[in-house]
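Chemist: There's a structure below that I have some questions on.
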Amino acid sequence: MDGTTVIKQAPRATFRRLGDGEGAVVLHLDTAEYHGLNEVGALVWELIEQPITFDELIAGLRARLEDAPAELPQDIEEFLEQLAARDLVVIEGGRSGEQAQG
């Protein structure tokens, strides 16, 4: 996933925050499956409410997280790929320039 890859929420996914500091859940409306998110995952979800590039997402996370780890981009890429595999996000572009829907 390169910096210009665009990430956005899938249209058939809905989000709800849990109690303060408890993360969130995402519901896939077609499968009725809930997917739990920790606080960083919930922050990612909020940042991709509108289409955003991978570089913008990482910058937004670094601005909001204290002591963000050096491996943050790799961790977030893996997380986004997991969400895409569950059809919760749409990833456009990337290393090969192909469009992947997820």
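Chemist: Among the residues of region 26-37, how many are in contact with a strand residue (DSSP E or B) (Cβ under 8 Å, 6 or more places away or on another chain) and either more than 18 Å from Glu78 (Cα to Cα) or aromatic (Phe, Trp, Tyr) (or both)?
Modeler: Counting residues in region 26-37 that are in contact with a strand residue (DSSP E or B) (Cβ under 8 Å, 6 or more places away or on another chain) and either more than 18 Å from Glu78 (Cα to Cα) or aromatic (Phe, Trp, Tyr) (or both) gives 5.
Chemist: Can you tell me how many residues in region 10-27 are in contact with a helix residue (DSSP H, G or I) (Cβ under 7 Å, 6 or more places away or on another chain) and surrounded by 14 or more Cβ atoms within 10 Å (Cβ to Cβ)?
Modeler: The total comes to 5.
The rows are residues; the columns are (1) over 18 Å from Met1 (Cα atoms); (2) surrounded by 14 or more Cβ atoms within 10 Å (Cβ to Cβ); (3) within 14 Å of the chain's Cα centre (by Cα); (4) at pLDDT below 95.
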residue: Leu29; (1), (2), (3), (4): yes, no, no, no
residue: Leu37; (1), (2), (3), (4): yes, yes, yes, no
residue: Ala59; (1), (2), (3), (4): no, yes, yes, no
residue: Leu65; (1), (2), (3), (4): yes, no, no, yes
residue: Glu78; (1), (2), (3), (4): no, no, yes, no
residue: Val89; (1), (2), (3), (4): no, yes, yes, no
residue: Gly94; (1), (2), (3), (4): no, yes, no, yes
residue: Gly97; (1), (2), (3), (4): no, no, no, yes
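The values are calculated or read from the model by the stated rules, or taken from the named source; none is laboratory data. A quick note: this is a predicted structure, and the numbers were derived from the prediction, not measured. With ideal geometry, Cβ positions are generated from the backbone for all residues, glycine too; neighbour counts draw on all protein chains shown.
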